[in-house]
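Below is one structure, written out as structure tokens; the observations come after it.
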Amino acid sequence: MPTHCPYCALQCGTRLALRDGAVRVEADDFPVNLGGLCRKGWTAAEVLTVPDRLRRPRIRAAGGRQVDTDWDTALDTVASRLRAIRRTHGADAVAVLGGGGLTNEKAYLLGKFARVALGTSQIDYNGRFCMSSAAAAGNAAFGVDRGLPFPVTDLGRADVVMLAGANVAETMPPLMRHLATPKLIVIDPRRSRTAERAALHLQPRPGTDLALALGLAHIAIVDDLTDRAYLRARTAGYEQFAKRALTWWPERVERVTGVPVRDQRAAVRMMRAATRAYLLTGRGAEQHSKGVDTVAAFINLALLLGLPGREGSGYGCLTGQGNGQGGREHGQKADQLPGYRMITDPRAREHVAGVWGVPPEALPGPGRGAYELLDALGTESGPRALLVFGTNPAVSAPRAGHVADRLAALDLLVVADFVPSETATLAHVVLPVTQWAEEEGTMTNLEGRVLRRRRAVAPPPGVRSDLRVLHDLAVRLGEPPERYPTDPRDVFDELRRASRGGRADYSGISYERLDAGEALHWPCPETPGGHPGTPRLFLDRFTHPDGRARFVDVDHRPPAEEAGGDRPLYATTGRVLGHYQSGAQTRRVAELRRSDPEPFVEMHPDTAAGAGLADGDWARVSSARGTAVARVRVVPTLRADTVFLPFHFPGAGRANLLTNPALDPVSGMPEFKVCAVRVRAYRGPT
Amino acid sequence: MTRVVVVGAGPAAHRFVECLHRRGHRDPVVMLGAERRPPYNRMLLASVLAGALPAEAVTLPDLPAGVEAYRSATVTSIDRATRTVHLDDGRRFRYDALVLATGARAVVPRVPGIRWRGGLSPQVRPLRTLDSCVALGPGPVCVLGGGVLGVEAALALRRAGHRVTLVHRHPYPVNRHLDAAAGTLLARHLADRGVDVRLEREAVRYDEGLLVLRDGETVAANTLLLCAGARPRVELARAAGLAVAGGIVVDDRLRTDDPHVYAIGDCARYGRESGGGVARAWAQAETLAALLTGGRRRYEPVPAVVRLRDPELSVVALDRPRPRAADGRAETVTFTDPAGRRHAALEVLAGRIVRGVLYGLPQATAAATQLFDRDLPLPADRLALLLGTPPRTGTGDLPDDAVVCFCNTVTRAGIVAAWRRGCRDRAALGEATRAGTGCGTCVAEVDRICERLGAEPARGPATETGRLLAVGSGVTP
């Protein structure tokens, strides 16, 4: 059965075979992964049979313990309590948090359910913590946000690829197959596995990537390395940005970032000398309180060099989550309706309301972004109830200790999941749902290609699909049953209509075309004869009305929290190969647990020695928000002022106990990538 | 309402006005610039001089909306009693807060022939304003003064093809900041680039395109570029009765002795600190903008980082006048490699750089500057810092427990074991162990292991994995 890996945005092609009643994963020769898989992918089938799989709804009994219950009891309870909360506190007292791992169908129906059945404006999703900064910057620059506006396979023919804050060797290993030939320029405060493969590694101080991008732009301008014909023909706003970039001369940038002038120059020259060059950003550039401006600065650099919208070159964002792309297009984002339409746009409201059969004025306006939403839970003006689908904020949200307190303050927390995640264990009601190989649907990968997820095995008895759960709840809330289809194909057909004419137009995509093996990248409007999809955007024009890409005038500013005083170190967070996101799935796979069993903190030998720590010791890492306990890994290549923690681990090992919820003013992205900490030996029980 | 009037339109004034707006100040702001040009970036003057950048290119970003900016506006006096500034054309502006950002002016050496008819000789240009950098005539250029600016200008002009002589009074260039070893290397570099360097020479007369030196020698100088330093412009402040001592004296709120009058940038003097260039000017501008918008910040002197700006050079001088750690072990770290044109001398107190000079060490220049700026301890391995050598990562032969395929955690021993079981190429090994099936990076290493095992003398048939693993570990590929 051909399908796709359940984890990251690469959506590697896999085939699922049944052997002796067990599902076995085989790698498919899909263009993205070319027959490769990482160990998460190879072992993905084990998630289907984890011993603690949720098989029955659970409800919190008197005394606080969760006990098994039946579906009717669970759903009736949820519906009646939602009704009561809404009656007393208004529709916005009920909130929804979705995820970038949900299929397009689930994301779409969840958004519709929130806006129509609940009538709440309070819906957002964990993509806010993922690529929202790149999305905002992409929209501003190009008029549309598609992670990679070209197929992944184009990368392999490049001469040079610059990766700004992307550690693909660790987070998306099969992508490295496309990066074997190009020379890599890697920007990362850590000497990551990707940086080890780089022809040039720029190692800026955490929180200074924006200054570095401005400095590279400066060099391009002053050393006459820009593509002037391209600037004239295809861009707007160059003059004002150029003035800004000129205030970031290389020696100033060196002082702020720590990247030697020599290396800055070498990077720009390599990019300019390449016939085919790409600039890609990842979470390292994006997860900052200035993430949008940082990405904008890198896009500006790409524009100076004439890369975007030219076949064989370009700018792209490496979307992280499995359906991080599709998940942000179809209406689970606080300010959006399906088709990447803005909820504040009257024409968008009219169109979508028409598809949904409700008056436009019945649709709520924009709601809070994910962190603001979590931060408001159970407060005077905030939601009293939260429905969680496909995310685990108790581990993955910034300032996780505080977020757990907010979750605990709710009158009602409902979690739909297939494993007892850390968030599910806090819930009043847990609803067991299907997972990847047990369901049909579509996912949109990092290159905007819509893919079919296929069912290979039957779900365990007692488990329902997310679509069915939404249907069942909606009906109990008085909605007409036909408004919430449970067959993914029906939902997709409705999604096609809802997205028609939007920025992310799916109307020409069907299950039939996908099942026939067509490679369809959105936009793919419905046209007679069948639109071929758009593998490469911007070749003729950008999506702004005048067809030009926009330079955005951005300036560097320091991170919200600087290291110094009694918190002299920067902490930066990220991922390891063996785990996915909050680890709720991958920590349940024996092989992955073995390879990456516990939280760790990487530090420079001098930092360890200064704290009296040796490799393998346990350390307490403390920020203004909390303390995480992690095993010391001494890494001589790390900057001495920086420690690194992966965020996949629960409990006292949560890296997000430390992180700073300083938000980007545009995207609402928290500052996951830099906060001030100190490190001490841990003497408590381990 | 606070009506802010800024006298000056240089980098300090520009940054101040920008920060004020960013911090939400929406009351009236007036900016009075004496030059006819909009605010520009003085740091790039050498590039304009050399023709690498057109003059328009160095214009600073547009001022925030709402700022009333005047050009060619010369302030003649400050009436502190009525809080009014007067311009030479009769206009006047009332202020609640007056910010003096009048900058500095180039020092004009007392050499006969430089001054002419109450101004400068037409062939003499002080490298200070944009007007003095455009339309440089043909013929040889003499740079008078081998400080940072003079060296940068000489190299930029040389790169643009001019004939350049650099005349400097001291034994080596940038002598105020560099030690003799670095200074000597710099002089050699200038000479290598074709700059005619005249050290320990003084000019006595400028005459008809010739600069005459004390020893009688003459230097062709169709253009004479003055790079002999700058002095704060304080006349306005002095005439207004404000305290002036080597600059307009300010406290840690950047306030003069009149609570309504502030001074920032090259015209200001805080403690023993005056001048100091754009980094200091910006720090003062940011602090003052914060203070005037209700912030509680105080100005803290910025440690001096003097970094030569030239694409080929990596030279920095660091100096912290008042080290925070007053006691602690003092040490001096030096490294000199004249052949390699590299030199470093760091004075270290309690593990932190107090003063230092680095020449020809690009990586160390960046790293040491960051440590110095943030007063962080040097790494235990001082030499690694200076040489910028990355710490050793795994090279050479892998031990048995080394992970070859990181994507799938396959060790060398695992591959050897599979090879012994009969998997003799990368495809078969991949099938058996998953090595090479992730990012594909390790397939070369897998091939190498295969090749080496294949080259070994034949062994007995495989019978038992444990034994074979032991054999495998004994292989020296």
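So the values come out like this:
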| item | result |
| --- | --- |
| Among B:Val234, B:Ala317, B:Val219 - extreme Cα towards positive end, dipole of the stretch B:213-318, charges at beta-carbon | B:Val234 |
| Helix B:277-292 vs. chain B, principal-axis angle (Cα, 0 to 90°, nearest 10) | 80 degrees |
| Cα gyration tensor shape for chain B, rounded if a/c is under 1.5, else prolate or oblate | prolate |
| Cβ-based exposure ranking for B:Met1, A:Met172, B:Met31, A:Met270, in which fewest neighbours within 10 Å come first | B:Met1, A:Met270, B:Met31, A:Met172 |
| Cα lying deepest toward the dipole's positive end in chain B, options B:His170, B:Leu60, B:Ala380, charges on Cβ | B:Leu60 |
| Shape call, the stretch A:132-318: gyration tensor on alpha carbons, a/c limit 1.5 | rounded |
| Shape category assigned to the stretch A:522-618 from the gyration tensor of Cα positions, a/c cut at 1.5 | oblate |
| Simple Cβ-charge dipole of the stretch A:569-681, Lys/Arg +1 and Asp/Glu -1, about Cα centre, in debye nearest 20 | 300 debye |
| Net +/- balance of residues flanking A:Leu214 in space, Cβ distance below 9 Å, scoring K and R +1, D and E -1 | 0 |
| Using alpha-carbon coordinates, inclination of helix B:465-474 to the longest axis of chain B, degrees | 50 degrees |
| Computed magnitude of the charge dipole of the stretch B:125-185 (debye, nearest 20; Cβ of K, R +1, Cβ of D, E -1) | 120 debye |
| Computed over the stretch A:408-505: relative contact order in percent, which uses C-alpha pairs under 8 Å that are six or more apart | 17 percent |
| Taking B:Leu378, B:Leu387, A:Leu163 and counting other C-beta atoms within 10 Å, the order from fewest to most | B:Leu387, B:Leu378, A:Leu163 |
| Relative contact order of the stretch A:343-469, defined on C-alpha pairs under 8 angstrom at six or more residues apart (%) | 15 percent |
| Cα-based reach from A:Lys106 at 16 Å (exclusive), listing lysines while leaving out same-chain residues under 8 positions away | A:Lys333 |
| The stretch A:132-318: relative contact order in percent, alpha carbon pairs under 8 Å with at least 6 residues between | 32 percent |
| Using alpha-carbon coordinates, inclination of helix B:362-373 to the longest axis of chain B, degrees | 60 degrees |
| Computed magnitude of the charge dipole of chain B (debye, nearest 20; Cβ of K, R +1, Cβ of D, E -1) | 840 debye |
| Per-residue Cβ neighbour rank within 10 angstrom, fewest leading, A:Trp618, B:Trp419 | A:Trp618, B:Trp419 |
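Taken together, the values in this text are just the output of simple stated rules run on the coordinates, not laboratory data. No experiment lies behind these values; they were computed from the predicted model shown. Using ideal geometry, Cβ is built from the backbone for each residue, glycine included, and neighbour counts are taken over all protein chains shown.
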